[in-house]
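Shown next, in structure tokens, is the structure this report addresses.
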Amino acid sequence: MTTGRDDREPAPSPEILARLATTLSHSELLAGGPHDVLPLTGGLTNFNFKVTTAERAVVVRLSSSDGDLLAIDREAEHQNSLRAADSGAAPAVVDYLPEDQALVVAWIEGRTLTADDLHDEAMLQRVAAVCRTLHAGLRFVGDFDMVAVQRRYLDLVRERGYRMPQDYLDHLPQVDRIAAALAVRAGPTVPCNNDLLAANFIDDGDRLWVIDYEYGGNNDHSFELGNIWQESELTLDELEVLVDAYVGSHRRHEVARAHLFGVLARYGWTLWAAIQAEVSPIDFDFWGWGMAKYELARAELAGPAFDDLLAEATRPD
């Protein structure tokens, strides 16, 4: 998961810079230099650098955490990045160095979106279009199911005694009801990014690109849309614009399904943050980030409109 990309220069540790130097020396395409290296901010499960040589500009991504704990498969990430690039939605993969836990992708000259950008109907239509492009591509390696991921995270948190919200378990029955409702009108899965916060979209002025496939996997398209809604804290009216643009017409159950997936995502990513708060070497308030998501999820899981939302997701339009 990442929080963005810009041209500010944080100060990477000497250990991370040494890792980068080793990675560059191992890459046939990048070895020999000279290299212009610019640290990129925002990665929460990786360290990112823009590396420019005489021939090319690339992004080098170094893994920063135990991917197994967070349900990240680095080989699958590589393969899915290749397939996403083939779809036309993602930058080209330039190199992959598994021994260095490094992935190298082409640099896209453009602007990283922010959540504010998505509070715009025209931008939501562009987002829907690039999602359709990605989802029409070759199927990804592996599947992504937030219900299963959340349960895996929960087992890990409980097994290791990590901190989680005091009343987190109280809402498991509602999550089971969400899963049952979503199963009623489930369609075929498609290749999804599954982590589409605004900063994983790059606008080159002509089109949008989708980056970062750590959580890539085949999934319900409604999860992708609902996760976009919750990551950027869009309004429900804006969620409707996004879903309608993706589907091509207004279908109430599609909007409700995306809404439920967004609630489920907030509930699941809360535990992602709880794990990161214990294990990540990155200086970031993971606990505060996760609790913000949890409070939003809890408000809906315990809210008066929850039953109506379940019904809306299952009834015919």
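Every number here is computed from the coordinates shown, using simple stated rules; none is lab data. As the structure is a computational prediction, the values presented were derived from the model and not from experiment. Here Cβ is always computed from backbone atoms with ideal geometry, including for glycine, and neighbour counts include all displayed protein chains.
Measure nothing fancy, just the Cα-based angle from helix 221-231's long axis to the longest principal axis of the chain, in degrees from 0 to 90, nearest 10.
Orientation of helix 221-231: about 80 degrees from the principal axis.
Using +1 at the Cβ of each Lys and Arg and -1 at the Cβ of each Asp and Glu in the chain, identify which of 286, 14, 156 lies farthest towards the dipole's positive end.
With unit charges placed on the Cβ atoms, the residue in question is 156.
Rank-order 261-269, 293-301 by packing density, defined as the average count of other C-beta atoms within 10 Å over each peptide's residues, highest first.
Details: 261-269: 24.9, 293-301: 19.1.
Order by mean packing, descending: 261-269, 293-301.
Out of all DSSP beta bridges in the chain, what portion is antiparallel? Express it as a percent rounded to 5. Present the calculation step by step, with values, prior to reporting the outcome.
On the way: 30 of 31 bridges.
In the chain, DSSP labels about 95 percent of beta bridges as antiparallel.
Dipole size in debye (nearest 20) for the stretch 139-209 around its Cα centre, Lys and Arg Cβ +1, Asp and Glu Cβ -1?
Working: 9 positive and 11 negative charges, 56 e Å.
Result for the stretch 139-209 is approximately 260 debye, rounded to the nearest 20.
In percent, what relative contact order does the chain have, based on Cα pairs under 8 Å that are 6 or more apart in sequence? Provide the component values of the computation, followed by the final result.
Numbers: 567 pairs, mean separation 59.8, N = 317.
Once normalised by length, the contact order is 19 percent.
As a footprinting exposure proxy, order 275, 228 by other Cβ within 10 Å, with the fewest listed first. Don't skip to the answer; put the middle values down first.
Values: 275 22, 228 30.
Placing the least packed residue first, the sequence is 275, 228.
Note the angle between two axes, namely the Cα long axis of helix 121-135 and the longest principal axis of the Cα atoms of the chain, as a number of degrees from 0 to 90, rounded to the nearest 10.
Result, in degrees: 80.
Pull out the extension gain between residue 155 and residue 109, defined as 0.36 nm times the separation in residues minus the alpha carbon to alpha carbon distance; nm, one decimal. Can you show the working numbers first?
Working: separation 46, 0.36 × 46 = 16.56 nm, distance 4.12 nm.
So the chain would gain 12.4 nm between residue 155 and residue 109.
Grab the DSSP H runs of the chain that are 4 residues or longer, score each as -39,500 (n - 2.57), total them, divide by all residues and round the 222 nm result to the nearest 500 deg cm²/dmol. Before the final figure, lay out the partial values.
Working: 10 runs with 146 residues, N = 317.
After summing the helix terms and dividing by the residues of the chain, the value is -15000 deg cm²/dmol.
Considering only 142, 173, 131, whose Cα is most displaced toward the positive end of the charge dipole of the stretch 131-178, charges sitting on Cβ of Lys, Arg (+1) and Asp, Glu (-1)?
Result: 131, furthest along the dipole toward the positive end.
Around residue 137, under 15 Å between beta carbons, what's the net of Lys plus Arg minus Asp minus Glu among the other residues?
Here the charged neighbours net out to +1.
Based on the mean of other Cβ atoms within 10 Å per residue, sort peptides 207-213, 174-180 so the most packed one is first. List each step's numbers first, then the result.
Numbers: 207-213: 22.9, 174-180: 16.7.
Result, highest mean Cβ count within 10 Å first: 207-213, 174-180.
Mind checking which of 136, 305, 76 has the largest fluctuation in a GNM of the chain, springs on alpha carbons under 10 Å?
305
Mind giving me the FRET efficiency for residue 120 and residue 163? R0 is 45 Å, r the Cβ-Cβ distance, nearest 0.05 is fine.
On the way: r = 37 Å, r/R0 = 0.83.
Taking R0 as 45 Å, the efficiency between residue 120 and residue 163 is 0.75.
Please determine, in degrees from 0 to 90 and to the nearest 10, the orientation of helix 286-301 with respect to the longest principal axis defined by the Cα atoms of the chain, where the helix direction is its Cα long axis.
The two axes meet at around 20 degrees.
If you take every residue apart from residue 115 with its C-beta less than 10 Å away from the C-beta of residue 115, what net charge results, scoring Lys and Arg +1 and Asp and Glu -1?
-4
Please state the charge dipole magnitude for the stretch 14-110, taken about the Cα centre, from unit charges on C-beta atoms (+1 on K and R, -1 on D and E), reported in debye and rounded to the nearest 20. Numbers along the way, then the final one.
Numbers: 6 positive and 14 negative charges, 52 e Å.
It comes to approximately 260 debye.
So for the stretch 94-133, Kirkwood radius off the Cα pairs, Stokes-Einstein at 25 °C and 0.890 mPa s: how many µm² s⁻¹?
Details: Rh = 12.8 Å.
Roughly 192 µm²/s, to the nearest whole number.
Any chance you could get the radius of gyration and Dmax over the Cα atoms of the stretch 14-110, in Å?
According to the Cα coordinates of the stretch 14-110, Rg and Dmax are 12.9, 38 Å.
In nm, to one decimal, how far is the modelled label at residue 183 from the one at residue 250, with both set 7 Å along Cα→Cβ?
3.2 nm
Just need the relative contact order of the stretch 14-110 here, percent rounded to a whole number, with Cα pairs under 8 Å and 6+ apart. The partial results should precede the final answer.
Working: 132 pairs, mean separation 23.0, N = 97.
Relative CO of the stretch 14-110 lands at 24 percent.
Just subtract the alpha-carbon distance of residue 172 and residue 282 from 0.36 nm times their residue separation and send over the number in nm, one decimal. Mind showing how you got there, number by number?
Details: separation 110, 0.36 × 110 = 39.60 nm, distance 2.99 nm.
Length difference between fully extended and current span is 36.6 nm.
If contacts are Cα pairs under 8 angstrom and at least 6 residues apart, what is the relative contact order of the stretch 53-139 in percent? Could you put the intermediate results ahead of the total?
Details: 83 pairs, mean separation 29.8, N = 87.
Relative contact order for the stretch 53-139 comes out at 34 percent.
Using the crude model of +1 on Lys and Arg Cβ and -1 on Asp and Glu Cβ, and no other charge, please compute the dipole size for the chain relative to its Cα centre, in debye to 20.
Working: 27 positive and 52 negative charges, 108 e Å.
Magnitude of the dipole: close to 520 debye.
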